[in-house]
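Okay, handing you the structure first.
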Amino acid sequence: MTAGHDGGPPAAPRSGRAARPTAPNTGNFSGGPAVPRPRRGAEVAGPARAGTGAPGFGHGLVVGKFYPPHAGHHALIAEAARRCAAVTVLVTPSRRESIPLELRLDWLREVHATDRHVRFVGRYDEHPVDYADPAAWDAHCAVFRAALGGARVDAVFSSEAYGAELARRFGAVDVPVDPARSAVPVSGTAVRADPVAHWGMLSAPVRAWFVRRVVVVGAESTGTTTVARALAGHYRTGWVPEYGRELTAAKLDRLRRTDPDATIFDVVWDRADFVTVVREQQAAEDAAARRSGPLLFCDTDARATAVWEERYLGSTSPRVRAAARRPDLYLLTDHRGVPFTDDGLRDGAHLRSWMTERFRTVLAESGVPVIELTGPLPDRLRTATGACDDLLAAGWSLADPILPRKST
């Protein structure tokens, strides 16, 4: 993206300063301070700690797909950790499934990081599932034994009916854990079918993977912060403020330490600043996603930052362009009908029309659905919530695992 196309802004000063308009105005990367908060009751406690008494077994085994890991899995692993001197958790998906094996292992290791005597091992298992077929059992157990590297198993911990046969084949004790799902009423099948209904059963890293990210972008003083904050309140979830505004304020504050009369038009931007904005914005977004509800609202992103870089420096840099992610939905706030508010950190009232058009062009190339918000604020919020409701209603398309064969 480069300046100089039809309808573009005047050539940006090489210093990165804002061009002073003929009339006083203000503005920056639109946005305001806010503290994203998790949904009430949404946090998942970590695994139960192992007891202080002597373990009942030497080596325990837990086998599952963990598709995805949920509170029931964590309770199962915690019980095995409490009763065994060592535990191997074997994660055995098929390649047809939608969540990569390594990602599941990472999630499990994070949640159980303090259980030093628990190790997590992953192996793909593409064999048919048929609990009535000894040959199918032989094939699966061969995968399990190879993953264990010949280690003896003293106890098999499971919430599934197949636990007894698996224990028998390993010459181990069968230890059922909440097979009725009464203590922790959840299953991987239920989570895949409706993640929102089981959000409280998911740990922080799993939530971050499932969360739908909605990015609000627009020219200065067009209500991106107002919309993001209002939507977060409506859905009782988190939102991510714009780091660019924070950096703008910090730059102006530093200038005023030596020049009390400095204004936003004295602030200088360079390439490194926009790389910093992208890095800090994405870090804040990723942190918020871990404690968010099923929707997370973000006031700007890397694509929007690229437009700002073009606005100040005349072009965008490869590093900023390459940092662009793929959110689930863009909401573009139109500038028409929205008064420009001078707050001392804004400098582009004369460029709002140009910026709206640049956002339209850039977002159209992203491959992400874009909904434009126009009219009075109530109309904009009505349009936005309709789009977000549709996003949630579409659900999550996760491939089915290899399902057990029905007995005939």
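Could you give every pair whose Cβ atoms fall below 6 Å, whose first residue belongs to region 55-83 and is under 13 Å from residue 192 (Cβ atoms) and in a loop (DSSP other than H, G, I, E, B), and whose second residue is open to solvent by less than 40 Å² (accessible area, probe 1.4 Å) and of a type in the set (Phe, Trp, Tyr), counting only separations of at least 6 or pairs across chains?
Correct list of pairs: 69/107.
Also: Looking at (1) modelled with pLDDT under 95; (2) in contact with a Phe, Trp or Tyr (Cβ under 7 Å, 6 or more places away or on another chain), find the lone condition where residue 215 falls short.
All conditions are met except number (1).
If a residue must be aromatic (Phe, Trp, Tyr) and open to solvent by less than 50 Å² (accessible area, probe 1.4 Å), how many such residues does region 131-180 contain?
Result for region 131-180: 4.
Output the residue which, of all residues in region 56-78 that are over 14 Å from residue 89 (Cβ atoms) and of a type in the set (Gly, Ala, Ser), is most open to solvent (accessible area, probe 1.4 Å).
Across region 56-78, the extreme among qualifying residues is 56.
For region 117-130, give me the residue count where each residue is among the acidic types (Asp, Glu) and open to solvent by 70 Å² or more (accessible area, probe 1.4 Å).
1
Going by the conditions given, is residue 116 farther than 21 Å from residue 207 by Cα, modelled with pLDDT under 95 and among the charged types (D, E, K, R)?
yes
Mind listing whichever residues of region 274-289 are of a type in the set (A, V, I, L, M), in contact (Cβ under 8 Å) with a residue 60 or more places away in the chain and over 11 Å from residue 246 (Cβ atoms)?
Answer for region 274-289, where residues must be of a type in the set (A, V, I, L, M), in contact (Cβ under 8 Å) with a residue 60 or more places away in the chain and over 11 Å from residue 246 (Cβ atoms): 288, 289.
Also, quick follow-up: Looking at region 305-335 only, could you name the residues that are assigned to a strand (DSSP E or B) and within 25 Å of the chain's Cα centre (by Cα)?
329, 330, 331, 332, 333
Also: Can you tell me which residues in region 348-371 are touching a residue at least 40 places away in the same chain (Cβ under 8 Å), open to solvent by 70 Å² or more (accessible area, probe 1.4 Å) and either charged (D, E, K, R) or in contact with a Pro (Cβ under 6 Å, 6 or more places away or on another chain) (or both)?
Scanning region 348-371 gives 350, 357.
Same structure again: Checking residue 329 against (1) surrounded by fewer than 18 Cβ atoms within 10 Å (Cβ to Cβ); (2) under 29 Å from residue 194 (Cα atoms); (3) of a type outside the set (Gly, Ala, Ser), only one condition comes out false. Which one?
So residue 329 meets the others, but not (1).
Return a yes/no flag: does region 287-304 have any residue that is open to solvent by less than 10 Å² (accessible area, probe 1.4 Å), of a type in the set (D, E, K, R) and not in a helix (DSSP H, G or I).
Looking through region 287-304, at least one residue is open to solvent by less than 10 Å² (accessible area, probe 1.4 Å), of a type in the set (D, E, K, R) and not in a helix (DSSP H, G or I).
For region 181-276, which helices (runs of 4 or more DSSP H) that fit wholly inside it have 1 or more residues that are over 30 Å from residue 79 (Cα atoms) and open to solvent by less than 40 Å² (accessible area, probe 1.4 Å)?
Output list reads 224-235, 243-258.
If you don't mind, there's one more thing I want to ask. Considering region 89-116 alone, what residues qualify as being surrounded by fewer than 15 Cβ atoms within 10 Å (Cβ to Cβ), free of Cβ contacts under 8 Å to residues at least 60 places away in the same chain and either of a type in the set (Gly, Ala, Ser) or in a loop (DSSP other than H, G, I, E, B) (or both)?
95, 100, 113, 116
The values are calculated or read from the model by the stated rules, or taken from the named source; none is laboratory data. Computed from a predicted structure; not experimentally measured. Note that each Cβ is placed from the backbone with ideal geometry, even for glycine, and that neighbours are counted across all protein chains shown. Each accessible area value is taken on the protein alone, full model and side chains, heavy atoms only, with ligands, DNA and RNA left out. Shrake-Rupley method; radii C 1.70, N 1.55, O 1.52, S 1.80 Å.
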